[in-house]
């Protein structure tokens, strides 16, 4: 299982693995109890690859946070996500020393720690996933796109003129 297959769905709670999709949405399986449910295609979802933590310089991807927790703690967390706010902030300060304390709330820290407990051992955090699978190479992205014709401009070659007269409505 990879981090790009794991999603968080507001309203469902916990994390879910994408099993499949159909014309109206996604079929997801809960990582907590294994129940499968349907998620509407218009419902907001977040893939864990896209989640990042605010720092004073830039955003830090969740994968890097999980790697740091795994490096410091190993398999067991020394702090409980249900602890008081001050101890959670101190613990998170050890993991991410430059996190933005104004934009990262204690509820976010609890969520990250709960997600780590749930995913530890099931997902390899050291595996780097490509965020944008593209068919074009980096060289192709740098090349300017050549325009063959103007879409909305006047046609000068082969433009048809009409001989019909327009009548005024009476």
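Taken together, the values in this text are just the output of simple stated rules run on the coordinates, not laboratory data. None of the values given here were measured: they were computed from a predicted structure. So basically every Cβ, Gly included, is an ideal-geometry build from the backbone, and we count neighbours across all protein chains shown.
The slack between residue 27 and residue 73, meaning 0.36 nm per residue of separation minus the straight C-alpha distance, is 13.2 nm. The alpha carbons of the range 3-47 stretch over 26, 20, 16 Å along the principal axes, in descending order.
Once both labels are positioned 7 Å from their Cα atoms along Cα-to-Cβ, the gap between residue 43 and residue 107 label points is 1.9 nm. For residue 87 and residue 36, the FRET efficiency from 1/(1 + (r/R0)^6), where r spans their Cβ atoms and R0 equals 45 Å, is about 0.80. Diffusion of the range 1-80 by Stokes-Einstein, at 20 °C in a medium of 1.002 mPa s and with Rh set to the Kirkwood radius over alpha-carbon pairs, works out to 150 µm²/s. If you take the Cα centroid of the range 66-122 and the Cα centroid of the range 39-65, the two points sit 15 Å apart.
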